[in-house]
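These notes concern the structure reproduced below.
The values are calculated or read from the model by the stated rules, or taken from the named source; none is laboratory data. Because the structure is predicted, anything quoted here is derived from the model rather than measured. Glycine gets a Cβ as well: all are built from the backbone with ideal geometry, and neighbour counts include every protein chain shown. When the accessible area is computed, the model is the full protein with side chains, heavy atoms only, and any ligands, DNA or RNA have been set aside. Shrake-Rupley method; radii C 1.70, N 1.55, O 1.52, S 1.80 Å.
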Protein chains: 2
Amino acid sequence: MAPLADIPGNSYYAVIFSSVLRDEAPGYAAMAGRMLELAARQPGFLGVESARGADGTGITVSYWESEAAIRAWREQAEHSVARRAGRSTFYVSFRLRVARIERSDAFDA
Amino acid sequence: MAPLADIPGNSYYAVIFSSVLRDEAPGYAAMAGRMLELAARQPGFLGVESARGADGTGITVSYWESEAAIRAWREQAEHSVARRAGRSTFYVSFRLRVARIERSDAFDA
């Protein structure tokens, strides 16, 4: 998967998910990879960008056609299980923000 | 600085800046640190979250009270110089998206 998402136009939504992982978060990498794979199959999925630093702070931004697509992904069964595991097992903290894109710019050297 | 931003309400804007660094980007860390310091002094700045992985992919999301605050930061003199250096020296690619927050959630263990 390309590290940066190319999405035409400016009529879509972002889910900005910022998190701090626990020092011990066994199974996290496998879960996160599986969620990316599942998200990419959801109707209305447009792309995703993700980075996590050595200090455990990470940001994943997923892009969606509509609020309805975001809600459907939230309710997807396996994702719902993973969301519960996030709170019980993986994360110290997270912030989730849903935002509507207004404009964008891109650069490729 | 706390790794995650706590911002009351849902009436603000995000600048989602996703980038891939060049293999050689001398001076990048100092420039990035300086820009965070300057941004935090701008009127309308609400917070910032940032992560960069070992593969060079990074995401910085800054939060602002208004579109006007985002424009003023864009035009700040030292930031304008840094933005030019970003294209000439630091980044392979970047995507910049301005988005209006619609709703949010938070978790702290």
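Accessible surface of residue B:59, taken over heavy atoms with a 1.4 Å probe and every protein chain present, rounds to 0 Å². Between region B:1-65 and region A:10-67, the C-alpha centres lie 18 angstrom from each other. Shielding by partners for A:2-10, please: the mean number of other protein chain Cβ atoms within 10 Å of each residue's Cβ. Whole-number average of other-chain Cβ neighbours for A:2-10 is 4.
Summed over both chains, the contact between B and A buries some 4000 Å² of accessible surface at a probe radius of 1.4 Å. Close amide H partners of residue B:22, meaning residues 5 or more places away or on another chain with modelled amide H under 5 Å apart, are B:91, B:92.
When residue B:78 is represented by a point 7 angstrom out along its Cα-to-C-beta vector, the spacings to that point in the other copies are 4.8 nm, nearest first. Karplus-based coupling profile of region B:45-50, in residue order and whole Hz: 6, 10, x, 8, 9, 8, with θ = phi - 60° in 6.51 cos²θ - 1.76 cosθ + 1.60 and x standing for Gly or Pro.
Averaging the sequence gap over all C-alpha pairs within less than 8 Å and six or more residues apart, then dividing by the number of residues, gives region B:7-109 a relative contact order of 48 percent. Partner shielding of A:51-64 amounts to 5, given as the average count of beta-carbon atoms from other chains within 10 Å of each residue beta-carbon.
For region A:72-88, putting each phi into the Karplus relation 6.51 cos²θ - 1.76 cosθ + 1.60 with θ = phi - 60° gives couplings of 5, 5, 4, 8, 4, 4, 5, 5, 5, 5, 5, 4, 5, 4, x, 6, 7 Hz, in residue order, rounded to whole numbers and with x for Gly and Pro. For residue B:91, what charge total do you get from the other residues with a beta carbon under 13 Å from its beta carbon, if Lys and Arg give +1 and Asp and Glu give -1? Neighbourhood net charge equals +2.
Take each residue in B:41-50, count the other chain C-beta atoms within 10 Å of its C-beta, and the mean is 1. Ellipticity at 222 nm from helices only: DSSP H runs of n ≥ 4 in the protein assembly as shown, each -39500 (n - 2.57), divided by the residue count, give -8500 deg cm²/dmol.
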